[in-house]
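Structure record follows, encoded as structure tokens.
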């Protein structure tokens, strides 16, 4: 005779339960914050904040439902513990108004934009919503009204100075690493052949490593971007009305009146290709025409590293001994300062300060390896 086993919910996984509750609490923090911003706002802004609060509430329900699936009761408002950051922002919003806290809210949203990208239990819609919220808040923030929404997006891929940045830092890597290598070998041995061999080997090894690494990195990044665009195309085909609503919300945050924003979004959605291009730019922060060329970046990284790495080796191509060493040091000094000055173009810092800092850091690295090489040379001798 067989005894029937009573059926019931599966035992909860404590780790998953803690994670789900934390995600639920975070989303409820978002609800509370956007509700406070809505209460302190009027007109269009109030409606936008209310819609963002509703979206956060939908996300919270997702985690609540997962807790129920684990056999736990659905959390209630009484279970929500307002985080310290949210408590502070809601207080400031009520006391000083939304404009005073929006830059802080924007910073938090930008920081958390990829929060759900690596969370398998979260839906893709939730991950996209988080980026969408960051873009909407960026559009509402006073700091970005004049300069544009892109200024607040750390994930924005259309950086006009990206090529210049990669070139300067590639040259810097090649210069500092190969200068340190050459100085280390010079400290251990004055043989021109050894120095030349080590310098050229360091140049080639580093350049190929940089090129291969950048190729893999950009290839993976491009595949990820293409997947996001492909999924966005599927969403446009399956849910055109929801996508139009999201696009209209972004335009409203940029200051376009609701009726005009909705009409504009509806017109864009009438052409699927145009809609995909627009949503990729506005919702995902991607330019479909500029996803990065793996081979182009690999060759440019190879060339930039090799350009920097050749400077310490150049004098030893034509001579050796003390004269070559003195010339190598002089060339390195000029090159280090020039690279530092080039970095100042990107950072906006003082040219002299950036150049001097680069010279100090590179010089210390070269001096350290020279001293270590000297000690090794004496020990071996």
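Quick note: the coordinates plus some simple rules give every number you see, no bench work behind them. Not measured: the values here are computed from a predicted model. Cβ placement follows ideal geometry from the backbone for every residue including glycine, while neighbour counts extend to all protein chains displayed.
Globularity index of segment 15-86 is 1.18 (Cα radius of gyration / 2.2 N^0.38 Å, N = number of residues).
For residue 194 and residue 314, the difference between the fully extended length at 0.36 nm per residue and the C-alpha to C-alpha distance is 41.8 nm. Here segment 194-237 and segment 65-108 have alpha carbon centers that stand 39 Å from each other.
For segment 228-282, the square roots of the Cα gyration tensor eigenvalues, ordered a ≥ b ≥ c, give a/c of at least 1.5 with a/b greater than b/c, which places it in the prolate category. Residue exposure proxy: 33, 317, 89, ordered by other Cβ atoms within 10 angstrom of their Cβ from fewest to most, comes out as 317, 89, 33. The residues 191, 41, 270, 177, when put in order of fewest to most other Cβ atoms within 10 Å, stand as 270, 191, 41, 177.
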